[in-house]
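Heads up: the structure comes next, in structure tokens.
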Amino acid sequence: MRKSRSLLHTPLRQALAFGLLLPAGTLHAAASDPVSYVNPNIGNMSQLLVPTFPTVSLPNAMMRIHPERPSYISDQIDGLPLLLPAHRGGQVFHISPVLDARTRLSPVIPYTYDLEKTLPYRYSVSLDEQDIDVAFAPARRSAIYTFAFGKPGLRYLVLSSGDGELKADGNVVTGFQRYGHASVYLYLVASAAPEKIGVLDNGTTRFGAASAAGRDAALVLSFGSSQARAAVRYGVSYISVDQAKKNLESETPDFDLDKTAAAGHKAWNDALGKIQVTGGSENEKTVFYTALYRTYERMVDVSEDGKYYSGFDGKVHDDNGVDFYNDDWSWDTHRADHPLGVLINPKQESQKIASYIRMAEQSPEGWLPTFPELSGDGHCMNGLYSAAIIWDAYNKGLRGFDLAAAYAHAKKTVLESTALPWVLGPANSIDAFYQVHGYYPALKPGEPETIPVVNRGERRQSVAITLAASYTDWCLAQMAKALGKKDDYAFFEKRSYNYRNLFNPATGFFHPKDESGAFIEPLDYKFSGGLGGRDYYDENNGWTYRWGVTHNIADVVDLMGGRAKFVENLDQLFREDLGDNRYTVYASFPDGTGNVGQFSMGNEPSMPIPYFYNYAGAPWKTQKRVRSLLDMWFRNDLQGVPGDEDGGGLSAFAAFSSLGFYPVTAGMPVYNIGSPIFTRSVMDLGDGKTFVVEAIHCSRDNKYIQSAKLNGVDWNKPWFRHSDIAKGGALVLVMGNRPNKDWGAAPEDAPPSEGPLAPAP
């Protein structure tokens with residue numbers, strides 16, 4: 001047995017630290033080592049859609065990889081990636097080690113594998129047929145691979161770029177790969193100079209050549225048969241090859257993989273250690289810290305030595321001491337991921353928001369992006385949720401960015417661009433209709449589309465974009481009010497009630513209307529609207545969008561006929577049958593997984609709904625429901641995430657809810673209280689301030705709040721303000737196994753909301 005594969009000469013402590021004996025999450029160090037609880041394999045298999053990825057990176061760092069394979073259960077991986085530029089995007093550059101001269105070389109070589117171990121800061125795997133042990137450790141913009149060859153033979157490294165250029169000079173390889181409208185640059189150093197270098201062309205290696213360009217450009221580095229081990233260290237950059245070299249030399253100056261992994265281990269403990277939990281089961285701690293780890297996947301800090309590349313204008317800019325962040329899907333992350341950053345990473349969150357404003361300044365139109373990516377605005381989904389991210393942070397006291405500039409760009413975006421989903425372009429006739437009538441019109445079944453720019457796959461989503469526009473207008477109204485713009489405030493505040501135009505009092509649902517103002521009939525709230533309900537809704541059906549007004553829940557309570565009816569309707573959401581067999585249901589709504597009745601835990605619009613009982617006098621039902629959802633759908637196993645996780649979007653629900661509170665409305669400085677699963681949680685707010693949640697007698701059965709104190713004062717409300725904890729504080733809950741139905745139930749104890757009466761014009 002080779003030493004590289006044996007633990008006989010490896011100290012037990014080190015073996016455990018690198019996950020070589022037991023899967024992540026099964027044996028842990030003390031609470032001072034929270035990264036030991038992270039299991040990147042949670043959720044790697046999903047019910048239907050793309051699951052989580054076992055990402056190896058540092059928090060919010062440029063350098064990140066995960067194995068490239070069709071699914072977690074595949075017995076093959078495709079080469080070894082050097083970089084994943086986006087949470088979901090093609091891997092760029094691959095390295096493929098080879099220990100068999102008879103192997104047909106290709107730009108990316110498939111391997112069967114075994115002994116795979118994934119930690120946030122270290123990855124290792126054994127390549128079966130090649131008999132090669134691989135290890136990887138990342139820094140922020142650089143990384144190291146090591147290769148241990150298990151038998152004699154010729155050793156090769158194949159380096160490839162999907163669409164770019166590679167050049168070799170001795171033991172140094174440089175190059176670039178095109179990625180959308182941007183480029184990714186590489187500077188790689190091998191631990192030894194190859195004996196010869198060649199270019200791979202259609203499976204044939206032409207030795208003597210040292211550069212390759214175009215699609216699947218690939219170089220072959222031959223190290224002969226004398227090297228039992230090999231290593232490469234490399235830097236990446238979005239600016240230039242020279243910058244990639246600087247990144248490598250400043251972060252990873254040698255080939256000591258263990259040292260790089262140890263630095264990564266510390267970086268993760270620093271990040272995850274901002275929240276310390278006591279109590280709960282080992283599995284619950286694993287689920288919590290894994291969820292927290294995933295919230296650090298977005299956004300990504302792309303500043304390099306005080307400069308950054310922006311895909312919004314294709315230029316390199318000075319960051320002037322404020323790091324530039326990119327790669328975000330605001331439709332997902334505005335709900336809880338960014339609000340979590342406001343609490344535990346306020347400086348970083350301010351820099352993220354400053355980045356959004358820079359993106360708008362650099363864009364040709366001056367519009368705020370929705371899904372910022374390396375190449376610019378991906379502009380997916382619907383709604384301008386970047387406005388919610390900005391206002392939420394400002395309203396909770398964060399500064400370091402220009403609210404007036406943010407507001408100007410947000411207003412410009414809302415009034416000039418189209419709200420149609422997945423369409424980046426100027427306003428058109430459907431937007432003009434909204435300006436006059438206050439809702440986006442839907443087509444009747446079978447009615448042909450009349451607006452050429454409508455995305456044929458995503459459709460109009462008339463209810464979803466009306467509700468999203470109402471929320472965006474509410475955010476703009478609050479910004480305008482803070483900036484003293486009274487006329488703008490009145491304009492946008494009035495429009496924030498436009499969701500009312502689609503409320504059907506006969507059914508209690510938000511219901512699409514045609515251009516004449518008539519409700520579309522017939523309509524099935526479970527199935528109408530085609531794939532994903534996209535004619536009227538988006539990824540979910542009318543049962544989900546019945547609750548899609550988070551900025552004014554009090555008004556929805558009133559529209560539905562009062563608190564008792566609201567609670568009855570909410571109960572029915574979790575009880576209503578799917579309406580057909582699962583094959584039919586999921587063929588129509590593949591995003592709507594994690595079902596409890598018609599509730600879909602696997603999709604982000606559902607995340608605040610379990611907390612809505614707090615607004616109608618039944619907080620005990622929120623406590624019961626949140627606990628059951630965490631128990632059912634967030635588990636320490638391969639299917640332990642209920643749906644399409646989206647880089648922290650869904651995990652933030654599990655992280656917040658496990659602590660016992662949740663930000664129902666991004667932009668409103670209020671947290672709803674649920675039911676914590678830990679007896680004590682300590683959240684580091686920075687500058688020596690902490691927020692403590694203590695749950696006395698908390699257990700699996702003791703999930704109901706009997707009484708509470710906030711900062712030492714008796715507290716009978718199922719919510720608290722950000723200002724109550726911003727300078728540090730403590731929420732002490734006494735828990736029991738039977739609900740106290742009086743606690744937080746009085747109408748005056750409901751969380752703040754706009755209210756049922758529209759303001760005067």
Loop-resident GluC sites (Glu not before Pro) in segment 90-198 with no more than 14 other Cβ atoms inside 10 Å, DSSP not H/G/I/E/B, are Glu129
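When Thr690, Thr252 are ordered from fewest to most other Cβ atoms inside 10 Å of their Cβ, what list results?
On the way: Thr690 16, Thr252 26.
So the ranking, lowest neighbour count to highest, is Thr690, Thr252.
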Quick one: net charge of Ala666's neighbours, Cβ under 9 Å, K/R +1, D/E -1?
0
Mind putting a number on the dipole of the chain about its Cα centre? Charges go on the C-beta only, +1 for Lys and Arg and -1 for Asp and Glu, and I need it in Debye to the nearest 20.
1320
If you keep only loop residues by DSSP, which trypsin sites (Lys or Arg not before Pro) in segment 421-521 have at most 10 other Cβ atoms within 10 Å of their Cβ?
Arg456
Quick one: Phe612, Phe510, fewest Cβ neighbours within 10 Å first, how do they rank?
Phe612, Phe510
Unit charges at the beta carbon, dipole of the chain: most positive-side option, Phe93, Gly562, Gly729:
Gly729
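Sorting His409, His87, His437 on the 10 Å Cβ count, fewest up front, what's the list?
His437, His87, His409
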Add +1 for every Lys or Arg and -1 for every Asp or Glu among the other residues with Cβ under 11 Å from the Cβ of Met560, and state the total.
0
Computed, not fitted: 222 nm per-residue ellipticity of the chain from DSSP H runs ≥ 4 (each -39500 (n - 2.57)), nearest 500, equal to -8000 deg cm²/dmol
Suppose a student asked you for the relative contact order of segment 60-267, using Cα pairs under 8 Å spaced at least 6 residues apart; what percent would you report?
20
For Leu650, what is the net charge nearby, where nearby means another residue's Cβ is under 10 Å from its Cβ and Lys, Arg count +1, Asp, Glu -1?
-4
Counting only DSSP loop positions in segment 338-435, the trypsin sites (Lys or Arg not before Pro) whose Cβ has at most 14 other Cβ atoms within 10 Å are Arg399
Please work out which option in (i) 26.7, 83; (ii) 29.7, 131; (iii) 27.2, 93 gives Rg and Dmax of the Cα atoms in Å calculated from these coordinates, and answer with its label.
(i)
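Using Cα-Cα distances under 8 Å and only pairs 6 or more residues apart, what relative contact order does the chain have, in percent?
Once normalised by length, the contact order is 11 percent.
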For the chain, longest principal axis from Cα atoms; helix 385-395 axis from its Cα atoms; angle between them, nearest 10 degrees, is 80
Where a ≥ b ≥ c are root eigenvalues of the Cα gyration tensor, a/c under 1.5 meaning rounded, otherwise prolate if a/b exceeds b/c and oblate otherwise, segment 76-181 counts as oblate
Quick one: if you take sqrt(5λ) for each eigenvalue of the C-alpha gyration tensor of segment 192-320, what semi-axes come out, biggest first, whole angstrom?
37, 24, 16
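Where a number appears in this text, it was derived from the coordinates with a stated rule and is not lab data. Keep in mind that this is a model prediction, so the values were computed, not measured. A quick note on method: Cβ atoms are made from the backbone with ideal geometry, for glycine too, and the neighbour counts reach across all protein chains shown.
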